[in-house]
Amino acid sequence: MTYRVEPGLHRDVAKFGGGDVTTCMNCGTCTATCPQSAETGGFPRRIIHLLQVGHREKLAGSLEPWLCYYCGDCSESCPRDANPGETMMAARRYLTGMYDWTGLGKRFYVSTWWEIGAIAAVGLFTVGLFALFHGPVVTGRVELNTFAPVKWVEIGDWIMGGVLAFLLLSNGWRMSRWVMGAGKGVDVPFSLYLRKLPAFFAHFATQKRWRECEGPKTRWLKHFLLVTGYLTMMMLVIVGLRWFQTDEIVPFYHPTRLLGYYAAAALLYVTGDFLLGRLRRKDGIHKHSEPTDWVFLVLLGLAALTGILVHAFRLLGLPLATYSTYVAHMAIVVPMLVVEVPFGKWGHMFYRPFAAYLAAVKQGAAEAASLGPSRAA
């Protein structure tokens, strides 16, 4: 099998951040210190080598950037300050742009103004919808469902959820085509894809490989809180809106109220902690930040904060403050979901467990092939 070598590949990936791979001398220190390299056998060294020699196709079919959880050990121990950890981060951003058939993912990662412009455009569009189609403004008491009828908001949520699912799944299909080597003689039975499917949900729910990395265990816990808080918020907005957005003052212990408090607390705590860490830049993993990292965290924090304010104004019986803050909240949440989930930072929430799933499929196929045709059947 032949591959076309592209010497400028490392410069293309450098647009997405990362270290200077030209300073790497392939000493192998990064691989020796990486707690995840035992199973995969070569990252981040192999990815850096692919960038140096220009193997774009091999990079597109590699799962290793997604199996890195960026503990920072490789960058701390690198004798040439090549920053392999950041290179793996840049490779993930680059691959996100490759998977995205719309081309927007790449534009958002390499241009901050494209990302901010898209967020602003979607936010203004959301405000415009409320300005044109909101219900009666009741000022004598808070009637949020009169101002923003829940059935119409729910329809919009389902449409948005369907579009996001389509984008992620279609991009995931493109990812699998590269990884599984479509058209290159790789034959994986469909039954194997089904048998290995639990691996996707296990890694999606727990990110369990992260716990194998060295360093403070609170990193895994904080990431777990962030993901569960975010998913809780998405489920309340997209699936459970008619029970979550209600004018009835439900008791404190009501499930939707408790879930909302958990989502807000988790998002505010973790985003605040991550933003503070990036401002202090004491830890190795926080010394280098791309604009997309900041935009992502700021949007999450603002979504949680405005959600709390809507709830507080509603409890205080302040109609106009409730309605205006609700519009502001939706003008943050909608672009955060539309822009960041399929095209930006939150894409890795899908791609990383999907990569672990594809790795399990490839391993299963390799084991079946080693048994021979008769036993593999």
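The table below lists the values:
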| read-out | value |
| --- | --- |
| FRET efficiency estimate (nearest 0.05) - Cβ-Cβ, ASP187 to TRP113, R0 56 angstrom | 0.80 |
| Helical segments meeting 18 Å axial Cα length and Kyte-Doolittle -1.0 threshold in the chain (DSSP H) | 84-99, 112-133, 150-179, 218-238, 255-280, 291-316, 319-335, 348-371 |
| Debye intensity ratio in log₁₀ form over the Cα atoms of the range 9-99, taken at each q of 0.10, 0.17, 0.19, 0.24 Å⁻¹ | -0.20, -0.59, -0.75, -1.26 |
| Cα pair distances exceeding 27 angstrom across the chain, given as percent | 53 |
| Value at 222 nm in deg cm²/dmol, rounded to 500, when DSSP H runs of n ≥ 4 in the chain each add -39,500 (n - 2.57) | -21000 deg cm²/dmol |
| At 1.002 mPa s and 20 °C, Stokes D of the range 158-306 from Kirkwood alpha-carbon radius, µm² per second | 116 |
| Under-24-angstrom lysine pairs by C-alpha in the chain, whenever the two are 8 or more apart or on separate chains | 27 |
| Rg over Rh, two decimals, the range 218-341 (C-alpha only, Kirkwood Rh) | 1.00 |
| Surface/4 estimate of mean projected area, convex hull on alpha-carbon atoms of the range 204-245, nm² | 3.2 |
| Assigned charges on the beta-carbon of Lys, Arg, Asp, Glu; the chain dipole about Cα centre (debye) | 540 |
| Vicinal HN-Hα couplings computed from phi for the range 25-37 (Karplus, 6.51 cos²θ - 1.76 cosθ + 1.60; Hz; Gly/Pro x) | 10, 6, 6, x, 4, 4, 5, 5, 8, 6, x, 9, 7 |
| Over the range 120-165: Rg over Rh, Cα atoms, Kirkwood Rh | 1.05 |
| Computed lengthening from LEU276 to MET25, 0.36 nm per intervening residue step minus Cα-Cα distance | 86.9 nm |
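Bear in mind that the values in this text are calculations on the coordinates, not laboratory data. If you're wondering where the values come from, they're calculated on a predicted model, not measured in any experiment. We place every Cβ from the backbone using ideal geometry, glycine too, and count neighbours over all the protein chains shown.
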